[in-house]
Each structure stands twice: as C-alpha cells, then as structure tokens.
1. Can you give the relative contact order of the stretch 1-130 as a percent, counting alpha carbon pairs under 8 Å and 6+ residues apart?
2. When the chain is fully extended, how far beyond the present Cα-Cα distance does residue 52 get from residue 495, taking 0.36 nm per residue of separation?
3. Can you name the helices of the chain, as whole DSSP H runs, whose Cα span along the helix axis is 24 Å or more and whose Kyte-Doolittle mean is not below 0.0?
4. Run the numbers on the chain and let me know its relative contact order in percent, using alpha-carbon pairs under 8 Å that are six or more apart.
5. Label residue 105 and residue 16 with points 7 Å out from Cα along Cα→Cβ: what is the distance between them in nm?
6. Looking at the square roots a ≥ b ≥ c of the eigenvalues of the Cα gyration tensor of the stretch 345-500, which shape do they give, rounded for a/c under 1.5, prolate if a/b is larger than b/c, or oblate?
7. Compute the length gained on full extension between residue 333 and residue 308: take 0.36 nm times their separation in residues and subtract their Cα-Cα distance, giving the result in nm to one decimal.
8. Where the centroid of each part is defined by its Cα atoms, how far is the stretch 1-75 from the stretch 186-217 in Å?
Amino acid sequence: MSNPHAGTAASSGLYTDRDRQVLTWQVYVALIAFGIGILQGLAQALDRVLPAGSTLWTLFPGLSNYYQGLTAHGVLMAFVFTFAFSNGFMTLVHQNALQRRPRSLVILLSLVSLGVGSLLAASQIFLGKASVLFTMYPPLKASPVYYVGAVLVVVSTWFTALNALLVYRDWRREHPTDRIPLQAFAVLATYAMWFIASLGVAVETLFLLLPWSMGLVPLTDPQLARTLFWFSGHAIVYFWLLPAYLSWYTMIPKQAGGRLYSDGLARMVFIVFLLLSTPAGIHHQFTDPGLRTDIKALHYVLTLGVFLPSMITAFSIMAALEGAGRARGGRGLLGWIRALPWGNPSVAAQLLAMIGFVLGGISGLVNASFTVNLVVHNTAWIPGHFHLTVGTAVALSVLGICYWLVPYLSGRTLWGRRTALAQAWLWLVGVMIFSRGQIMGGLEGLPRRLNVSGLAYDQPFWATSHAMTAFGGTLMFVSGCLFFVVIGMTLFYGTKGAHAPIPVAEATHDARQSWPVLDDWRVWIGAAVFLIVLGYGPVALTYAPHFVSPPNSAVIGGG
Ligand code: CU
C-alpha cells in the first residue's frame, strides 16, 4: 500500500492538519461528555435500589446530591454529547459530499465556543450552582455563568451551521444546476431546522434567565420561559436524531452492501422534519394551565404529523436493508435479516439502534396524544420513552458510527471487533430493561426525577420498576465502558493502515428521478416559518403587550 492513510481524513485532501484536528476534537469532546454522562447515569439508576438515606453521591466525583447529578447527566448527554458529535460528524460528511474544504476559522470558533461553553456550564453544575436540570426553566435558577455557558454551547452549533451554509454557497456557484448531493442536503436541512428552532432557548436564556439570574430584574415569567424552552425543546430531539437518520439513509445501505431505496423520499423526509419539528413543542405543555386548548390541539395534530417521516423511514430503511440482505444471499421471507453484516460492529450497533427505536417511536405517540398524555405526564414513563429513543437511535447509532469514524479520523484500525459487538448488544439489552422499568413505574404513578433513596413515601409496588431501572442502567454503564475500551485501544494500539472512506450509498431511484423543487430552500424554509407563525403566533400575540410593560405572570392566549 503506497499510502498507509488511504481513505482517512488525513488523506482526503479536504483538510489542513489543523482543520482535521478541530473536527476530531469535536468528536472527542462528545465522547468525553458521554463518558462523564454515563457515570452520572449509573448514579441515577442505582439511586432506585439503595437504602433510604444512602450516601452514594459522595462516591461519585463532584456530586453532593441527586439533582446535581441529574443535571450533569442531562446537560452533558442532551447538549454537549449530541451537539459536539453533530458539529464534527455533520461537518465531515458535508465537506466530503461537496468535496470542498471547510472554513477554518468558522469551524475553529465552533469548537472554541463548544469547549468554553461546556467548561463554564459543567463548572457551575459541579460547584452546585446550577442544579436546574437540562430543561433549565424557572422557578429553578442557576448562576449567570451557567447560562452564558449554555448559550455558548448553542452558539457552537450556529458556527457549524454557518460553515455548512458558506461551503454550500461556494459549491452552488460552481454547480448552478446540479442536484445537491443527498448527504449535504441532509446536513443543510438539519441545520436549517435547528437554527430556527434554537432561537427559542437562546431568547429564553439571554432575555429572561440571564437578567433574572444576574439580579437585573426581580421577577421572570415561568410560563413564557417554558414556552420558549419547548419551542426549541421538541425540535432538539430531531437535531439529535437527524445525524443518525443521515447515517441510516445514506451510509448503512452502503456498509451493508446494498443501495438506498429512494433519494427523493429521503429528501422529503428531511424536509418534513424541517417543517414540523418546531410547531409541535406545546405537546410538552399539555398540562400548562396558561395555554389555550386550541393551541394545544393544533400542536397535537402537528406532532402526529412528525410521526409520518419516521414511518417513511422505517419503510425506506427496511427496503434498503432487505435489498442488501438479498444481495448477500439471504433467501426466504426473513433470511435476508440473518444475511446482513451482523459481524460488523458499526452496522450491528445501528441495526440494534433501529430495533430499539421502533418501540421508542411508538411510545412517543402516547406522550403526543392530547388526552392519553395525562396518564403519563411527568411520570417515569417520560424518561422511559426518551431513553428508548435518544438512548437507542441517537446514542447507540453514534457509538456505531464511531466504529468507522474514529479509525477514519485517527488512521488506525478498529481494535476489538468482538468487544465492540458485545458492547452494542449489551447496550440494547440494558436500555430495553431500563426503559421497561421506567415505563412500568410511570404507569404505576411513579413521578419522574425522583430521588428515590431520599423518599419518605416509596411505594412497595414500585420495587420491580426500581430493580429493572437499576439493573438495565448498570448494563448500559458496563456497555459504555466497553465502548471506551475499544476506542482507547484503537487510538493507542490500533495498527496504522488503509481504511474505508466515509460511506456514501447509491440510490436505486436516484436524485434525477425526484422533483427539483425538493432542493429549493426558499420554499421549505418559507413554509417552515409560516407553520411556526401559525403554531406560535397566537402565543406571541398575547404576550406582545407584556413586553412593553412586563407583568409578573400572564395567561397566554387569554385562557
Ligand atoms: Cu416532544
């Protein structure tokens, strides 16, 4: 082999050494956050089975109580792990799809903003000055430094979006009539959606929380803050999910030896997420008394609309996988499933993530339903649901992607294929038991976010839920440790050599067969803004007078 790095980021010709290091560090920061996050997660899970008054917290570095650990777990997993991974991974995919160099300064600013923001936020959490949970709305109050850190973490995603936009504009100038390569299309749709959605939490933090935390204003408006938070807070779920969808649609078929089913269908799915992710946020506020019922009903319908692209995804990915399995010699009704490359840890982890996500997606319909939601609202059902989604489709997919991405970035061969496979299976088993335990507890009235070892009223019939949650969470932690063994050994002992480039699947029905209007951003961003105005306009209108003379509290929409 003339070039030992063939197929790695170093050999692609797209990156200077510094650009490559910047993007590599985005991925490593994500993994560091994940590592600290699973340690906190273990503490949360074990809390369920410890004797009352346990002093477990003192055994975990930096923790003095349950809510501090819960905040660290939520913030590190939901903001730092996901954002940093997306910053690195999506940029690498985008540059590769358009075959252009990134804007060095912009991607550097993204990393700096992420690093500084994470350190500021984490320092406040571990100092005990920001036990506000990842939802961080009032009446819980954190130190001003925490809010500044949180904003910087969001700003890092804006720099990543800016790089994607600038690189795309350069590409467009040189290719005025070409269809956008699908992977770049997916990156652009994801960041267009997230940029619009993220404005809610940015406005909440900068204009409500920060002045209140600094003592510049004596009061703030919890209802408005919650509404702004959930403006971003539902769409953020898709910001976590879409990098995984990008991998499932445009990489897994290639890795499995098949083709993407339809390029146009994939584009349509990303567009529906751009349109419907944000004007659905009020389904998190179905029990908020200050919001009008008709607004809640509208968000309910739009939420069900976001289920559609996931159904299309299930069909589309299944078709691609069946094609791949049959091309590998799979016969009969289900023989193609066995024929898939289950021995490849990157593929296996993501196939298992899909299996978990089916249950996660379906349980989401319960939360989304205006009436059924009342049964599970604010119970342990909710973390049961979102660990079935974020813990599978997002986290397990990210781990699976890392099994080719880390070799691609480091130029070293993946160490320990069998350990990596064991990691993926153990994670799925763990998250299933954990989530089933949480869901069971929720149906039995167990509130979410409960410091069980500190409870005076723990119910005997919650014992099974507690045991499953603790056991499943422990398995997930062990699986996470196996992941770090594999990655650590790869980085230090993996042999240097040739590696596969970024996977890019061909489509059975390619872009030329789909409508050109799918690539017209003006249409889709315009439609997305229109739907947001429809979904949040009535809320904003009611609040408008209060911005002139701020009240203590307000009833949105006149109740
Ligand atoms: Cu939601």
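1. 37
2. Length gained, residue 52 through residue 495: 154.5 nm.
3. Qualifying helices, which must be both long enough and hydrophobic enough, are 17-46, 104-126, 144-174, 182-203, 293-327, 345-368, 417-443, 463-493, 521-548.
4. This gives 20 percent for the chain.
5. Each label point is offset 7 Å from its Cα along the Cβ direction, giving 1.2 nm.
6. It comes out prolate by the Cα gyration axes.
7. Numbers: separation 25, 0.36 × 25 = 9.00 nm, distance 2.59 nm.
Result for the pair: 6.4 nm of gain on full extension.
8. Going from one Cα centre to the other spans 24 Å.
The values are calculated or read from the model by the stated rules, or taken from the named source; none is laboratory data. Remember, predicted model here, so these are calculated numbers, not experimental data. No Cβ is skipped: glycine too gets one built from the backbone with ideal geometry, and neighbour counts run over all protein chains shown. Calculation scope for accessible area: heavy atoms of the full protein, side chains included, ligands and nucleic acids excluded. Shrake-Rupley method; radii C 1.70, N 1.55, O 1.52, S 1.80 Å.
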